[in-house]
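See structure below.
The values are calculated or read from the model by the stated rules, or taken from the named source; none is laboratory data. Predicted, not measured: the structure shown is a model, and the values here were computed from it. Here the Cβ positions follow ideal geometry from the backbone for every residue, glycine too, while neighbour counts run over all protein chains shown. Accessible surface areas use protein heavy atoms only, side chains included; no ligands, DNA or RNA. Shrake-Rupley method; radii C 1.70, N 1.55, O 1.52, S 1.80 Å.
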Amino acid sequence: MLARVGDQMERMGRATAAGMAEFGLGAVLLAQCIYWVAVGHRRAQPVRLDAAFARCMEVGILAIPIVTLMALTIGIMLAIQGIYSLRVFGAEEQVVLGVGMSVVREFGPLITGILVAGRTGSSLAARIGTMRISQEIDALSVMGINPVRFIVAPALIAMMIMVPTLTFWSSIVMLAGSGWYISVDLGMSWAAYIERLTEIIKFGDVLHGLGKSLLFGVLITLVGVINGTLVSGGAEGVGKMTTRSVVISICAIIVTDMVFAFIATRS
Amino acid sequence: MSTIAISEHRSNAPADPELMAAPPMIEVRDLITHYGTREILHGINLSVRQGEIMVIMGGSGSGKSTLLNALLGLLRPTSGTIRLLGQDLNAISDVERTKLRQKMGVAFQGGALFSSLNVLENIMLPLREHTKLDRNTMRIMARMKMQVVSLSGFENLMPAELSGGMIKRAALARAIVMDPRILFCDEPSAGLDPVVSSAIDELILNLRDAMGMSIVVVTHELESAFKIADRICVLDKGHILTVGTVEEVRNSANERIQNLLNRRTEAEVLDPDEYLRRLTGMQQ
């Protein structure tokens, strides 16, 4: 009995230590990316901007259709729910306040983050995992090409540019979606809607949303890369770590979102 | 390359006083490595001379891949030193190691070609990252190496479109594109049909003769080992059984070497009690 408790304790301890090690790995990766961006040129091993640009295309431009579709749907949904719940007080007009604030501060970054985690975080984990198994990462190392500089840094740069950009775009589409529904349901004119929005949404709110999305971009990249490097055991291992990468990055996004919101509303 | 020339070289190489006197390109001393707590290599000593083809041979689990990974700097040894071109691989700075790695080429077992780049871009990659040549010069140099490995005309294919033999050739071309002093080949003929496999062996011999590089080949294929080796290092369970010329290894009196050469499995001696314990899964 006592031995079994001991076993359990040991297993918990090992899992905790492994989890902490992953945190450490993430910090090291981030530091190495910053290092290579800063001094890569001096060591004649620059971070390739063309590689980062290619990633931008994949992470950002190709994600526009799905992001637009989701944002439009969620915008309309927010307007429907807002009007329905405010009708209780006979305050349907106030729906613009709720929609405007929640989209820019919350729904824009969150929905974009989750979509990018599912789309890009998974492909990053799968790509690096496959490269590890086929010894491509080893090949880079023995060629004297640092894998962090060559693979991770361009991906991180692309995510730090594209996730906020996508967030900005998706927020606009969401507001347009709810604007359309509000104009149809409440008969509010577009001009009145936009005027009301500009009164409500402060520059700080936009910054709050974009700041969060920048953080999400970094998180998704690091989680994807770490899970990719931890792949072992062939194709099954790649699948397992890809799933794990998506689950962890979505959890990380939501927890970070809450913490960020708490801290940002204190000051 | 004719077979006569090869056999001539083979009989000459070890006795050549000039070669014997040259400083070793690779020098391994008392190398011990661990995976976790398990000791894999138990004190390896080995040296490879200029222009020599050293074949590291052994069965599965003999530690030959571990030794290769240590030589490549992918696995940090627990103790012992590895000197490549006179530099201690694990004691030099990152910058020096990057420079050293430009003087060595590696052809991995599965090729390890980058799947997002075509054959030409794969072969050009080391040039792109380490030299300041313009693109056309790089392209010409990469095409020259493709000619060497008889892969001309396949520049624009993606790695997924290549056959097994072509992948090995492309990997070799990428490994030699910087004209390295040392070339490592991991199982160059594994998984290939006899004709293609023998062509790869010829290619390795030609590379040594044309460029004078030292070549370390890790393989478990006896035929190809005997064909290309100047010296063979036989590994077994993390120990070196012998290092010697093809003749010396062939004529070795060591039972384990003879078992390996004759593809005999080792008869396991097991007493009935031990057998019963294993079946029931009981310890002691």
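One table, with the values for the structure above:
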| quantity | calculated |
| --- | --- |
| Hits in the range B:103-122 - residues which are hydrophobic (A, V, I, L, M, F, W, C) and over 15 Å from the mean Cα position of the chain (by Cα) | B:Leu113, B:Phe114, B:Leu117, B:Val119, B:Leu120 |
| Pairs where the first residue, in the range A:167-183, is under 16 Å from A:Met101 (Cβ atoms) and the second is not in a helix (DSSP H, G or I), C-beta under 6 Å, 6+ apart | A:Ile182/A:Met188 |
| Enumeration of residues in the range A:145-170 that are polar (S, T, N, Q) and open to solvent by 40 Å² or more (accessible area, probe 1.4 Å) | A:Asn146, A:Thr165 |
| Any hit, the range B:184-192, residues being in contact (Cβ under 8 Å) with a residue 60 or more places away in the chain, part of a loop (DSSP other than H, G, I, E, B) and among the aliphatic types (A, V, I, L, M) | yes |
| Residue match in the range A:197-213 (condition: open to solvent by 60 Å² or more (accessible area, probe 1.4 Å), at pLDDT 95 or above, in a helix (DSSP H, G or I) and not hydroxyl-bearing (Ser, Thr, Tyr)) | no |
| Residue within the range B:77-91 that is of a type in the set (Gly, Ala, Ser) and within 10 Å of chain A (Cβ to nearest Cβ) present | no |
| Hits in the range A:226-266 - residues which are modelled with pLDDT of 90 or more, part of a helix (DSSP H, G or I) and touching a Ser or Thr at 6+ places or on another chain (Cβ under 9 Å) | A:Ile226, A:Asn227, A:Gly228, A:Val238, A:Met241, A:Thr242, A:Thr243, A:Ser245, A:Val246, A:Ser249 |
| Criterion: more than 14 Å from every other protein chain (Cβ to nearest Cβ), under 30 Å from B:Asn90 (Cα atoms) and part of a helix (DSSP H, G or I) - qualifying residue of A:Val152, A:Val148, A:Val104 | A:Val152 |
| Restricting the range A:1-30 to residues that are aliphatic (A, V, I, L, M) and touching a residue at least 60 places away in the same chain (Cβ under 8 Å), the residue that is surrounded by the fewest Cβ atoms within 10 Å (Cβ to Cβ) | A:Leu25 |
| Matching option when the condition is more than 14 Å from chain B (Cβ to nearest Cβ) and open to solvent by less than 40 Å² (accessible area, probe 1.4 Å), among A:Val173, A:Val142 | A:Val173 |
| Filtered residue count, the range A:24-70, keeping only those that are more than 14 Å from chain B (Cβ to nearest Cβ) and either farther than 26 Å from A:Met143 by Cβ or among the β-branched types (Val, Ile, Thr) (or both) | 17 |
| Count - residues of the range B:103-146 that are farther than 15 Å from B:Arg169 by Cα and either out of contact with any Asp or Glu (no Cβ under 9 Å at 6 or more places or on another chain) or more than 12 Å from chain A (Cβ to nearest Cβ) (or both) | 19 |
| Selection within the range B:166-187 - under 15 Å from B:Ala199 (Cβ atoms) and open to solvent by 10 Å² or more (accessible area, probe 1.4 Å) | B:Met166, B:Ile167, B:Lys168, B:Arg169 |
| Candidates B:Val243, B:Val196, filtered to the one that is of a type in the set (A, V, I, L, M, F, W, C), at pLDDT 90 or above and on the phi < 0 side of the Ramachandran plot | B:Val243 |
| A:Arg132 being within 14 Å of chain B (Cβ to nearest Cβ) and open to solvent by 50 Å² or more (accessible area, probe 1.4 Å) | yes |
| Those residues of the range B:66-117 which are of a type in the set (D, E, K, R) and under 15 Å from B:Leu183 (Cβ atoms), in sequence order | B:Arg101, B:Lys103 |
